Amino acid sequence: MLGQLLTELYGSLNLEPQTARMLVPITLIVIAALLTGFKIFDNIAKVAGAGTLVPITGFSNAITSPAIEFKSEGFVLGVGAKMFSIAGPVILYGVVASVVYGIIYWVTTLF
C-alpha cells in the first residue's frame, strides 16, 4: 500500500511514470534504514509481523542493523565487516543464481 501511495505521490509531481516507479524502492530502502537507525523498525515488526519482511525493506533492515550494532568497532572492522554478515549470503546467492539463470537462458535461446 505504501508503495502505491508513493507511486501516486511521485506521479502527482509531474514525474514520468518510469521515474516515479524507480523512486519508490529507493524511498522504501531509505525509510527502512532510517526507521532501523531510530530503533523504530523492530517495534513496527512486532506489530506488523511478516508485513515488514517485504524483501526490499527487510533487506535494508538486515544491512543496517549489524552496521549500527558494530559501529563501536570502527568503520572498517565494525561497520564494513559486519554489515554483510546477515545479508552477505543473500547477495552471494542472488549473484550466483542470476549467472546460472543467465547461462541457462543463453543456452536455450541458441537453438
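The values are calculated or read from the model by the stated rules, or taken from the named source; none is laboratory data. Since the model is a prediction, treat every value here as computed from it, not as a measurement. Every residue, glycine among them, receives a Cβ derived from its backbone with ideal geometry; neighbour counts consider all protein chains shown. Side chains are part of the model used for accessible areas, which takes the heavy atoms of the whole protein and leaves out ligands, DNA and RNA. Shrake-Rupley method; radii C 1.70, N 1.55, O 1.52, S 1.80 Å.
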In segment 48-73, what residues are modelled with pLDDT under 70 and either of a type in the set (Ser, Thr, Tyr) or more than 24 Å from Val24 (Cα to Cα) (or both)? Thr52, Phe70, Lys71, Ser72, Glu73
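Here is a yes/no grid of residues against (1) touching a residue at least 24 places away in the same chain (Cβ under 8 Å); (2) closer than 25 Å to Gly94 by Cβ; (3) open to solvent by 40 Å² or more (accessible area, probe 1.4 Å); (4) out of contact with any His (no Cβ under 9 Å at 6 or more places or on another chain):
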| site | (1), (2), (3), (4) |
| --- | --- |
| Leu6 | no, yes, no, yes |
| Leu9 | no, no, yes, yes |
| Ile29 | yes, yes, yes, yes |
| Leu34 | no, yes, yes, yes |
| Pro55 | no, yes, yes, yes |
| Asn61 | yes, yes, no, yes |
So Leu15 clears everything in (1) open to solvent by less than 80 Å² (accessible area, probe 1.4 Å); (2) within 21 Å of Phe59 (Cα to Cα) except one condition, right? Which one? (2)
Mind listing whichever residues of segment 18-27 are among the polar types (S, T, N, Q) and surrounded by 11 or more Cβ atoms within 10 Å (Cβ to Cβ)? Thr19, Thr27
